[in-house]
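The values are calculated or read from the model by the stated rules, or taken from the named source; none is laboratory data. Please read these numbers as outputs of a predicted model, since none were measured by experiment. As a convention, Cβ positions derive from the backbone with ideal geometry for all residues, glycine included, and neighbour counts pool all protein chains shown. Areas reflect the complete protein model, heavy atoms only, side chains present, ligands, DNA and RNA absent. Shrake-Rupley method; radii C 1.70, N 1.55, O 1.52, S 1.80 Å.
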Amino acid sequence: MSTAALHADSHHDHHEHKESFISKYVFSMDHKMISKQFLITGIVMGIIGMTMSLIFRLQLAWPDEQFGFMETLLGKWAVDGKLDPNFYMGLVTIHGTIMVFYVLTAGLSGTFSNLLIPLQVGARDMASPFMNMLSYWFFLASSITLLSSVFIETGPASGGWTVYPPLSALEKAMPGSGLGMTLWLSAIALFIISSLLGGINYISTVLNMRTKGMSMNRMPLTIWAFFFTAILGLLSFPVLLGAALFLIFDRSFGTSFYLSDIYLEGVGALENIGGSPVLYQHLFWFLGHPEVYIILMPALGITSEVISTNARKPIFGYTAMVISLMGISFLSFIVWGHHMFITGMNPFLGSVFMILTLIIAVPSAVKAFNYLTTLWKGNLRFTPAMLFSIGLVSFFISGGLTGIYLGNAALDIQLHDSYFVVAHFHLVMGSAAIFGMLAGIYHWFPKMYGRMMNNTLGYFHFWITFITAYLVFFPMHFMGLAGVPRRYYQFTLLEDFNVWMDVNKLITVSAIVGGAAQLLFIYNFFYSIFKGKKATANPWQANSLEWSTPVERIHGNWPGEIPTVYRGPYEYSRPDREEDFFPQYVPDDSAPEVLHTEEHQVAPEEKSPEEVESSVFFAAIKRVFGLS
Amino acid sequence: MRIDTLRIRLNSIFKKSLAVLSFVLAPMMLLAADVIEPPKEFSIANFDWITILSVLLALLIILVIARAFDIGALTEKITGKTVVSWNNINAWVAIIFLVAGLFGVWYELKVHGPLLMLGNSASLHGDTYDSMFYWTFGFTFFVFVVTEVLLFYFMFRYRYNENRKALYYFHNNKLEIIWTIVPSIVLTFLVLRGFTTWSKITTEIPKESQEIEVFAYQFGWKARYAGEDGSLGNQNFNFISGSNPLGVAEAGQVDELVKELEGEISKLEAFKASADDSILAWKGRYDRFVATGLSRTYPEDFKTLKTKFNDGVSGAYVRTLEKDIKRKRTALNRIAEYKKDDGFFDGTANDDRVTTEIVLVKNKPYIFKFRARDVIHSAYMPDFRVQMNCVPGMPTQFAFTPTMTTTEARSIKNKPEYDYYLFCNKICGAAHYNMKIKVTVVENEAEYNTWLASQAPLVAPKVAEQTPAAETEGIETEATDNTVAMN
Ligand code: HEM
Ligand SMILES: [Cu+2]
Ligand SMILES: [Cu+2]
């Protein structure tokens, strides 16, 4: 701890110098500024990704219509206002890539890990501010590379965000597999570098730079979530890099890691044969499955924090929450095969993956129950952040339950690659994580910009988004169950698909209304940056450490010494206190000192056996990690 | 103070107008009406500007209202009287959402549920599948309703009240153990059932199953049936040619391919030999274009010429030729390897039928062998609860027994035109959405035999060449022989 403190102090001194515009706003090494850079880039990417989805939704709802504006916008990709099938695929692919990696990995994790880790564990900055800065710039470079691929002659990568070879490996298979795919791969490689630089930083900051008294078991659940997320990323992204590298070799250097027995456009002979397309899928999903938890866990962490604060109630089952995060993280590495039940892999392997996958439902269920119990007998303040968090819980339940169908190898025979899958992942990963991100933005806006966002607009934003999200994604379950495949440019293949025409229109109109509601958010966000009501230091009367920093958001975070932490972060509504919150950094002046030697000890008379047990458990966890 | 009273009044008006706020929902309600009623044509004329404008207008109104509420908040501060309690409004909206949401779920189940054809699958394992589905649906739907109801009920019940303090409640191990154990038990049950269902579907394959090869390519399907000899001939992707799209090991076709490849190679060799002359010629034309100013009159032609010329000079032209030659040589060598193996071209392929439709007999077990030649496709037959990826270089299979003829399906669905299809369910390129093959299930073997006889074998039988009239006859007898042999 002492080196960290030293480092932090020297950092602190440095903030006295006058900073130039460039070092303050552009090449900033302050974690708060970097987090804002991630956030704004994420929001911009989010808008782009969303607009793309609206464009291809129009195609799905009105396949015969000619949209004049599309030709204006897209030129040769929408001749006569009708979207080109290749470009449709390109849009779907880039939409998926943007949403998964750029918005919900970098935009969510990058923003809030950067903002909250130092603030909530009590550090002056990240372990390596320079690496942190690099992380952002790699991310930006990656974003630009990806977006540039939309504007090239042959169009962007269009084999789906999973870019399975041989489709993505053979230039002749589709136009998007040419330069567009090369750019996609470069963008992802840059992205992985960015993500690794960030992840290493997050992990080392959490492990090494906690302030006095901030033992691991006093960390807010946000930090636990970011911590596990970073570990997942660190272990799984390199595998994707490897997979991408092999793909680059196959595309450009004549290797055949993923290729075999291919005949395309009158050309029968690859130089080398004997690779396996399925190998790519194994490698991809070894990242791909942890990736969905990389997306979801930060959102869950944010939700824990926001729900506890606004329910004015301790989060229920802190230990269980940490253990389930741990369980989910571990299990997420050994379930990737559930994306591959029908690739023709050995049926026995399918059974194994099915069992492991359904086990993951248990920790997830525990989390959902714990959220519900936290709300029970709470005193709920519906700030926009709170509403979005509750919305997340709702999506997490609805979307999580359909995972039980998809994890079942037998049921997956029918459901794989159908609209059921689209419904499932948009609810549990898409909507839930986006809601977590929005909750985080509304909640920590005062810490980022020193101002408040407008609540009323927030309420409208929430309800419209919440309702339309369900209207968009819920009916898709039924389409999928009836056998409507995803990634279809239009549903003209079978007579039977016509039944879904109205549903498709409903979905598209809801998506447009939902998209329009995001304008409220954008307006609210940017207006409040400059003109919002001035915030106080602790506007939500929350407990965690970040609320002890001054409104001015100085480099180094705290003007004087870093506060000491005296208790866990969820001491809300203690019966022995007048106020309904008890910040971590406020020394206890009334209760006898002894009580603070053990965690989660609280109202003097009320030391239940369970609580003793929990501290014993934490001691055990600490020992496992070798930390204190 | 008078201004303040005015503001308060204004605000109460706004508060009442909240009811009117359902205008946000109005477009959606209209649409819902559109869904409930038989669809009117949703014309773009209504959609384009009017929709966009009204959405913008709605946003503007929301902005104004939000501002008004801010003023309200200010007056609240000044007068100390609560005008609008957003906390209560949100709690109520939550309850309304819950009720409306449950209604929506019920509506979906009622209207779209029957489209899933659960309990009416067209295959033997389909029933096992459906029962697995029902079990899963039962559990998840129960949990879904209970937890969502609790969630929104808690939102309402425990909304903020100044005079109340939340329960200081950290954890309850007993409760937590219960809700870890109970889902575990339920999931164990589902896993065990899933395991048996999955194993049954994937591994219990009747010995007498008939093999059919289903072949996927960009963008279509072909099926291959064994002919009279009852066995599918060999195949290899190196044999694929324009006339032999599946690469079946049929000696005549393959010899032709070899000849074709050799011809192409010598042509390419010739190009390569005269490369210097060609480049010189291009240079000449290039210079002429520049000198005469034609380059400006025909910029496109000039551009092509320039690329050609540049490629020639940089050596790219020759390299491409060499690469092409090498690739064709590789193909030839590979074919030669197979040619050495006498057993490979054993003639079993000669009577195979390559068809553009799949015909199956009711209650007869089949095993589909899937192949693809370019990218991954997926053979999807939702009516039969069948799906399997078709992977280039990795043969896959799916065994099943159809139990409902096309005619029966038509009468159950009440659609006289209904047909089963196998279609592609793995993204495979621009026309992925347009890749199907008809599957017909017939009542009995005889119907099937008639159909098979109408399909031409890869190599026409010798007899057929002499007397065209005898052709059908000959095949028919052979076909019946074959059935006898198989039974
Ligand atoms: C504006 C709201 C959104 C709408 C209307 C929407 C709609 C769609 C649709 C219709 C598809 C195509 C499905 C298919 O044909 O396979 C799709 C694909 C996808 N979406 Fe979204 N989406 C939205 C937001 C999101 C979010 C927030 C995420 C974040 C996870 C996301 C992730 C994906 C992914 C990963 C794909 C798959 C792309 C692929 O098939 O390669 N979407 N989306
Ligand atoms: Cu997964
Ligand atoms: Cu296909």
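Points worth noting:
- Cα gyration tensor shape of region B:90-204, rounded if a/c is under 1.5, else prolate or oblate by comparing a/b with b/c: oblate
- Taking the accessible area of the protein assembly as shown, probe 1.4 Å, and keeping the other protein chains in place, the carbon and sulfur fraction comes to 64%.
- Rounded FRET efficiency, nearest 0.05, which uses the C-beta distance separating A:Ile40 from B:Leu56 and R0 of 25 Å: 0.55
- Mean residue ellipticity (222 nm) of the protein assembly as shown, computed from DSSP H runs ≥ 4 via -39,500 (n - 2.57), nearest 500: -19500 deg cm²/dmol
- Projected label distance in nm at B:Val182 and A:Glu171, using a 7 Å step from Cα toward the beta-carbon: 6.1
- Per residue value of the accessible surface for chain A (all protein chains in place, 1.4 Å probe), Å²: 30
- A simple charge model with +1 on the Cβ of Lys and Arg, -1 on the Cβ of Asp and Glu and nothing else charged puts the dipole of the protein assembly as shown at about 4060 debye relative to its Cα centre.
- Cross-link table A:Lys505/B:Lys438; B:Lys340/B:Lys426; A:Lys172/B:Lys207; B:Lys340/B:Lys369, entries beyond 31 Å C-alpha to C-alpha: B:Lys340/B:Lys426; A:Lys172/B:Lys207
- For the pair B:Thr450 and B:Asn172 in one chain, pulling the backbone fully straight at 0.36 nm per residue adds 92.9 nm over the alpha carbon distance.
- Applying 1/(1 + (r/R0)^6) with r as the Cβ-Cβ distance of B:Tyr153 and B:Lys110 and R0 = 30 angstrom yields a FRET efficiency of 0.80.
- When accessible surface is computed with a 1.4 Å probe, chains B and A are found to bury approximately 12300 Å² between them, both chains counted.
- Placed amide H near B:Ser123: partners under 5 Å, 5+ positions off or other chain: B:Thr403
- Over region A:110-167, the alpha carbon radius of gyration divided by the compact-protein estimate 2.2 N^0.38 Å works out to 1.67.
- Crossing angle, helix A:111-121 versus chain A [Cα axis fit, 0-90 degrees, rounded to tens]: 20
- Note, ³J(HN,Hα) from phi for region A:500-509, Karplus 6.51, -1.76, 1.60, rounded to Hz, x at Gly and Pro: 8, 4, 5, 4, 4, 5, 4, 4, 5, 5
- Measuring r between the beta carbons of B:Glu300 and A:Asp588 and using R0 = 56 Å, the FRET efficiency lands at 0.10.
- GluC sites (Glu not before Pro) restricted to region B:157-223 and DSSP loop, no more than 10 other C-beta within 10 Å: B:Glu162, B:Glu204, B:Glu208
- Between B:Phe141 and B:Ala291, the modelled label-to-label distance comes to 8.5 nm, taking each label 7 Å out from Cα in the direction of the beta carbon.
- Amide H within-cut-off set for A:Arg451, under 5 Å, with H built and near neighbours excluded: A:Ala535
- Principal-axis tilt of helix A:31-61 within chain A, Cα atoms, nearest 10 degrees: 30
- Here the 3J(HN,Hα) profile of region B:268-277, calculated from phi with Karplus coefficients 6.51, -1.76 and 1.60 at θ = phi - 60°, is 5, 4, 4, 4, 5, 4, 9, 4, 4, 4 Hz, Gly and Pro shown as x.
- Angle between chain A longest axis and helix A:221-252 axis [Cα atoms, degrees, rounded to 10]: 30
- Charge dipole of region A:233-380 about the Cα centre (unit charges at C-beta), most positive-ward option of A:Trp285, A:Phe246, A:Ser332: A:Ser332
- For region B:289-319, the residues whose backbone nitrogen is under 20 Å from a point 7 Å from the Cα of A:Lys76, taken along Cα to Cβ, are B:298-308.
- Farthest towards the positive end of the charge dipole of chain A, among the residues A:Pro559, A:Trp161, A:Pro583, is the Cα of A:Pro559, using unit charges on the Cβ of Lys, Arg, Asp and Glu.
- Integer Hz, Karplus 6.51/-1.76/1.60 couplings in order for region A:331-348, x for Gly and Pro: 5, 5, 7, 10, 10, 4, x, 5, 8, 10, 3, 10, 7, x, 6, 3, x, 5
- Cβ-defined net charge surrounding B:Phe154, 13 Å radius [Lys, Arg +1; Asp, Glu -1]: +3
- Placing a label point 7 Å from the Cα of A:Phe151 along the Cα-to-Cβ direction, no residue of region A:42-67 has a backbone N closer than 12 Å.
- Among the residues of region A:228-268, those with an accessible-area drop of 10 Å² or more from chain alone to full protein complex, heavy atoms and 1.4 Å probe, are A:Ser260, A:Asp261, A:Ile262, A:Tyr263, A:Leu264, A:Val267, A:Gly268.
- Here's how it looks for B:Gln397: its modeled amide H is under 5 Å from those of B:Phe370, which are all 5 or more places away or on a different chain.
- Anisotropy class of region B:251-339 from Cα gyration tensor, a/c 1.5 cut: prolate
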